[in-house]
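The values are calculated or read from the model by the stated rules, or taken from the named source; none is laboratory data. Computed from a predicted model, the values in this text were never measured in an experiment. Here Cβ is always computed from backbone atoms with ideal geometry, including for glycine, and neighbour counts include all displayed protein chains. These area figures cover heavy atoms from the full protein model, side chains too; ligands, DNA and RNA do not enter into them. Shrake-Rupley method; radii C 1.70, N 1.55, O 1.52, S 1.80 Å.
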Amino acid sequence: MDVFLIRHTRTAVVPGTCYGNSDVDVAGSFPEEAERVRVRLEGERFDAIYSSPLQRCRKLAIYCGYENPVLDDRLKELNFGSWEGQRWDEIQDPRLREWYDDWLSIPAGGAESFLEQYNRVSAFLDDLKDSGYRKVCVFTHGGTIRAALIYAGKYNFNQAFTDDVDYGTQIRITI
């Protein structure tokens with residue numbers, strides 16, 4: 001099965017703000033960014049369209065012509081718990097250093113570790129493999145895409161954050 005993973009466009013948050021699981025809106029540059037994504041998808045036919053329920057992903061799916069994507073909570077970005085909405089350089093939580101040292105297993109802001117995110121994304125992809133679909137499009141987040149790339153064997157956990165996953169990026173994996 002071919003899975004097209006599309007990261008949402010820029011968000012309307014101050015750069016340097018932790019907003020993973022927060023339902024933040026898209027930036028003012030949305031029409032231009034979304035149009036580039038829409039053009040790249042022209043002519044593609046998918047058996048199913050999925051989206052994170054967070055508005056930055058839903059809005060992009062709708063803009064691209066997919067009015068009713070299947071919303072799945074497992075496609076959300078990492079939940080940063082008590083750090084959500086704070087600027088990274090202003091977080092006073094002593095657990096931040098621990099998380100930087102072991103982001104794989106330490107829950108960010110007391111909420112979720114990357115391994116937990118990986119496990120929920122893997123469960124989504126396992127279900128997708130059982131669906132019988134051949135070509136699927138998923139509107140989602142950078143961390144979710146990184147987890148999917150690990151699942152597909154493109155990266156291992158140590159490589160997950162070596163490359164940028166830019167806003168509006170489209171990455172295709174085969175599962």
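I'm a student and want to see the number: the projected area of the Cα convex hull of region 1-111, averaged over all directions, in nm².
Numbers: hull surface 32.3 nm².
With every direction weighted equally, the projected area is 8.1 nm².
Rolling a 1.4 angstrom probe over the chain with all protein chains present gives an accessible area of which 46% lies on carbon and sulfur atoms.
For the chain, excluding the exposed loop sites themselves (GluC sites (Glu not before Pro), DSSP loop, at most 11 other Cβ atoms within 10 Å), the longest remaining stretch covers 68-175. In a fully extended conformation the segment linking Asn156 and Glu98 would gain 18.8 nm over its present Cα-Cα distance, using 0.36 nm per residue. Could you list log10 I(q)/I(0) for region 48-175 at q = 0.12, 0.15 Å⁻¹, which the Debye formula gives when each Cα is one point scatterer? Each listed q corresponds, in turn, to -0.48, -0.75. When Asp130, Asp23 are compared by accessible area of protein heavy atoms, the largest-first order is Asp130, Asp23, using a 1.4 Å probe. Restricting the trypsin sites (Lys or Arg not before Pro) of region 1-51 to loop positions (DSSP other than H, G, I, E, B) with no more than 10 neighbouring Cβ atoms within 10 Å leaves Arg45. Computed over all pairs of different Cα atoms, the Kirkwood value for the hydrodynamic radius of region 47-115 is 13.8 Å.
Nearest-5 percent of antiparallel DSSP beta bridges in the chain?
Numbers: 8 of 20 bridges.
In the chain, DSSP labels about 40 percent of beta bridges as antiparallel.
Region 140-175 and region 1-30 have Cα centres spaced 15 Å apart. Here's the list of lysines a cross-link from Lys59 could span, going by alpha-carbon distance under 16 Å and ignoring same-chain residues fewer than 8 apart: Lys76. With N set to the number of residues, divide the alpha-carbon radius of gyration of region 1-56 by 2.2 N^0.38 Å and report two decimals. After normalising by residue count via 2.2 N^0.38 Å, the value is 1.29. Across the options Leu78, Thr169, Gln55, the greatest Cα extent toward the positive end of the charge dipole of the chain (unit charges at beta carbon of Lys, Arg, Asp, Glu) belongs to Thr169. Among the trypsin sites (Lys or Arg not before Pro) found in region 83-146, those both in a DSSP coil and sparsely packed, with 13 or fewer other Cβ atoms within 10 Å of their Cβ, are Arg134. Label-to-label distance for Val39 and Ala111 is 3.5 nm, based on points extended 7 Å past Cα in the beta-carbon direction.
The alpha carbons of region 75-135 give a radius of gyration and a Dmax of 14.8, 47 Å, in that order. Once divided by 2.2 N^0.38 Å, the Cα radius of gyration of region 96-170 becomes 1.18.
Residue by residue, region 138-145 carries 3J(HN,Hα) couplings of 10, 9, 7, 10, x, x, 5, 5 Hz when phi is fed to the Karplus relation 6.51 cos²θ - 1.76 cosθ + 1.60 (θ = phi - 60°); x denotes Gly or Pro.
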